[in-house]
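What follows is a single structure, written as structure tokens, with notes after it.
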């Protein structure tokens, strides 16, 4: 690896998939102000994800994509024909 270009501040972070509630612990440099109590009894920073490998159609084999933000409903409501 090239010296001096990689971050030094790796720490344990919990990534939480907001579409299905699955969480996993990994190292990251992602900054966040929220924390969560993990299974080992320690408190870790948490990064919220809209989609992860547990909910992505490519990994699950399902063709339905979970819309957590309600973008489709917002679009339909905004551009619905008014009577």
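The values are calculated or read from the model by the stated rules, or taken from the named source; none is laboratory data. Being a predicted model, the structure only gives us computed values, none of them experimental. Note that each Cβ is placed from the backbone with ideal geometry, even for glycine, and that neighbours are counted across all protein chains shown.
Does region 62-76 contain at least one residue that is out of contact with any helix residue (DSSP H, G or I) (no Cβ under 8 Å at 6 or more places or on another chain), modelled with pLDDT of 75 or more and in a loop (DSSP other than H, G, I, E, B)? There is no residue in region 62-76 that is out of contact with any helix residue (DSSP H, G or I) (no Cβ under 8 Å at 6 or more places or on another chain), modelled with pLDDT of 75 or more and in a loop (DSSP other than H, G, I, E, B).
For residue 44, the test of being at pLDDT 75 or above and not in a loop (DSSP other than H, G, I, E, B) is passed.
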